[in-house]
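Down below is the structure, laid out as structure tokens.
The values are calculated or read from the model by the stated rules, or taken from the named source; none is laboratory data. This structure is a prediction, so every number in the text was calculated from the model and none was measured. Glycine also receives a Cβ, built like all others from the backbone with ideal geometry; neighbour counts cover every protein chain displayed. Just the protein is used for accessible areas: all its heavy atoms, side chains included, with ligands, DNA and RNA removed. Shrake-Rupley method; radii C 1.70, N 1.55, O 1.52, S 1.80 Å.
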Amino acid sequence: MFPAWVFLMLAASTDLVRGLGVNWGQMSSHPLPPTDVVKMLKVNGIKKVKLFDADPKTMKALAGSGLHVMVGIPNDKLDKLSHDYEFAQKWVKENVTEHLYEGGVSISYVAVGNEPFLSSYNGSYVKTLFPSVKNIQRALDEAGVGQKIKCVVPFNADVYESPSNKPSDGRFRKDIMKHMLEILHFFRAKKAPFVVNIYPFLSLYQSTGFPQEFAFFDNGSPIRDKGAQYSNVFDANYDTLLWALKKVGVANLDILIGEVGWPTDGNGYCNNRLAKKFYDGLLKKLASEEGTPLRKGYLEVYLFGLFDEDQKSIAPGDFERHWGIFRYDGKPKFPMDLAGQNSGHQMLKGVEGVTYLERQWCVLNSDVRNLSKAQVELNYACSLADCTSLGKQRSCDLELHDRISYAFNEFYQSKDQDVRACDFNGMGTKVTQDPSIGDCIFRVQVALSAGERRHGLSYALSVFAPLFFIMSFFTLL
């Protein structure tokens, strides 16, 4: 009889989809210890991780792990980086070369900015992006690591468009064309890939009449374009980019999918069932290494994201806080086969050793009869805590009394169960029996050690998720 660790090692040694990585965002009020997260990634066989900054604690945890890492530079640093080369040198020294000792961090890429040409940014970073890229790459080159570590820019798919609704008419947006050309030819010279974030979910969410099956990989009714057939929006989006690259003379540029995923709450299209369906189809496609109609072969892809993040902006929609394949506490949400074989119903291994606050909740006192006054307290709680699971066709589609209790508890847990956070003008009360209802989980928050909470301002600015532009092709004919 083999001990349990043998089976864990066997599970971790299973060949995953080639080129598969995951985005590790940390916009959480109660982040999990990085060392525990790294252990979980390794047990699940994940070998690549994409960060949105270069947080020292996270980098320390990644040292010696063997994971290939993409570190990130937030958008709010682009202005200074663009005109201050010494600042670029300092950033590279502190966040890259300092971690390259023997047994250190295996850094593959430095992501300069995050979706900096997003149309809703109204050109805020158009003039500073390319100078920043050049300064960071120069600093990497002068540090002697530029051949191994490349500068990249994670772009949103809104940098290209198709006026005729077909991939073959793909082109880069006119307002950024000049700047894109500079960056693209620089990437070609440096042998760096083009990084793009593709979100089929947003096509479905934002486009009235969009056929749901086209967001998945179910071989729906194909769309034909110059001899190519498209049965899903992922392939169509990818090939629209290929056409855009071809038209500016960089057709052979490597492409890396920086983000792709499906949220599990916050909207009627967001639940574990649909997320599992999307990932099953995506991972099966990636495992086949069939590529897209215009580019065959394996695709390098980073799933988005690792955990739910309760401090992300909800400007685009409440779903923004529910992209994780793991819950806030590191537990997997649904079965997932990272080998892309759709074999069985095996859950990924969760984060071990998670410490929670005391097993207690704050709810609306059953004696309260005036729910209109309690509603005022609900609004207050939700203005300061995460209530994005509340609502029709969401995991917490509740009656008013239970909605109020849910809001009270979210506020209470966000304040680390401070006794004052369960008052609500005398309407709140603590209970020790779990008030969760069906799929609606009344959580007990993760415990933090002193000084562990991070507010993540830089990351918040870099990944503020504005209203994504979805090109006309994806409204579908």
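Per-structure values
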read-out	value
Close pairs from the range 374-398: first over 12 Å from CYS440 (Cα atoms), partner β-branched (Val, Ile, Thr) and open to solvent by 40 Å² or more (accessible area, probe 1.4 Å), Cβ under 9 Å, at least 6 apart	ASP386/ILE314
Checklist (1) touching an Asp or Glu at 6+ places or on another chain (Cβ under 8 Å); (2) open to solvent by 10 Å² or more (accessible area, probe 1.4 Å); (3) not polar (S, T, N, Q) applied to GLY324, failing item	(2)
Residue in the range 96-113 that is open to solvent by 10 Å² or more (accessible area, probe 1.4 Å), aliphatic (A, V, I, L, M), within 22 Å of LEU181 (Cα to Cα) and in contact (Cβ under 8 Å) with a residue 40 or more places away in the chain present	no
Number of the exception - TRP5 against (1) modelled with pLDDT of 95 or more; (2) open to solvent by 40 Å² or more (accessible area, probe 1.4 Å)	(1)
From PHE217, PHE194, PHE187, PHE201, residue being more than 27 Å from ASN122 (Cβ to Cβ) and among the aromatic types (Phe, Trp, Tyr)	PHE217
Condition broken by TYR85, with the remaining ones in (1) open to solvent by 20 Å² or more (accessible area, probe 1.4 Å); (2) hydroxyl-bearing (Ser, Thr, Tyr); (3) in contact with a strand residue (DSSP E or B) (Cβ under 9 Å, 6 or more places away or on another chain) satisfied	(3)
Condition met for GLN413 (of a type in the set (S, T, N, Q), part of a loop (DSSP other than H, G, I, E, B) and modelled with pLDDT of 95 or more)	no
Residue within the range 354-367 that is touching a helix residue (DSSP H, G or I) at 6+ places or on another chain (Cβ under 9 Å), closer than 30 Å to LEU299 by Cβ, modelled with pLDDT of 95 or more and open to solvent by less than 50 Å² (accessible area, probe 1.4 Å) present	no
Set ASN409, ASN370: member being open to solvent by less than 20 Å² (accessible area, probe 1.4 Å) and free of Cβ contacts under 8 Å to residues at least 60 places away in the same chain	ASN409
Among residues of the range 287-317, those that are open to solvent by less than 40 Å² (accessible area, probe 1.4 Å) and not in a loop (DSSP other than H, G, I, E, B), counted	6
Residue pairs meeting the criteria (Cβ under 9 Å; at least 6 apart or on separate chains; first farther than 16 Å from LEU299 by Cβ and among the aliphatic types (A, V, I, L, M), in the range 222-251; second open to solvent by 10 Å² or more (accessible area, probe 1.4 Å) and part of a strand (DSSP E or B))	ILE223/GLN229; ALA244/GLU161; ALA244/ARG171; VAL248/ARG171
Complete set of residues in the range 328-347 that are touching a residue at least 60 places away in the same chain (Cβ under 8 Å) and open to solvent by 40 Å² or more (accessible area, probe 1.4 Å)	ASN342
Number of positions in the range 302-318 that are modelled with pLDDT under 95 and aliphatic (A, V, I, L, M)	1
Conditions (1) closer than 16 Å to LYS247 by Cα; (2) touching a residue at least 40 places away in the same chain (Cβ under 8 Å): number failed by LYS174	(2)
Count of residues meeting criterion [touching a His at 6+ places or on another chain (Cβ under 9 Å) and open to solvent by less than 10 Å² (accessible area, probe 1.4 Å)] in the range 252-264	1
Tally of residues being more than 13 Å from LYS77 (Cβ to Cβ), open to solvent by less than 20 Å² (accessible area, probe 1.4 Å) and aliphatic (A, V, I, L, M) across the range 122-138	0
Hey, LYS284 of a type in the set (D, E, K, R) and surrounded by fewer than 16 Cβ atoms within 10 Å (Cβ to Cβ) or not	no
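Here's the yes/no breakdown for (1) open to solvent by less than 10 Å² (accessible area, probe 1.4 Å); (2) modelled with pLDDT of 95 or more; (3) more than 29 Å from PHE117 (Cβ to Cβ); (4) touching a Cys at 6+ places or on another chain (Cβ under 7 Å):
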| residue | (1), (2), (3), (4) |
| --- | --- |
| SER13 | no, no, yes, no |
| ASN23 | yes, yes, no, no |
| MET27 | yes, yes, no, no |
| LEU51 | yes, yes, no, no |
| LYS57 | no, yes, yes, no |
| HIS68 | no, yes, no, no |
| GLY72 | yes, yes, no, no |
| ASP79 | no, yes, no, no |
| GLN89 | no, yes, no, no |
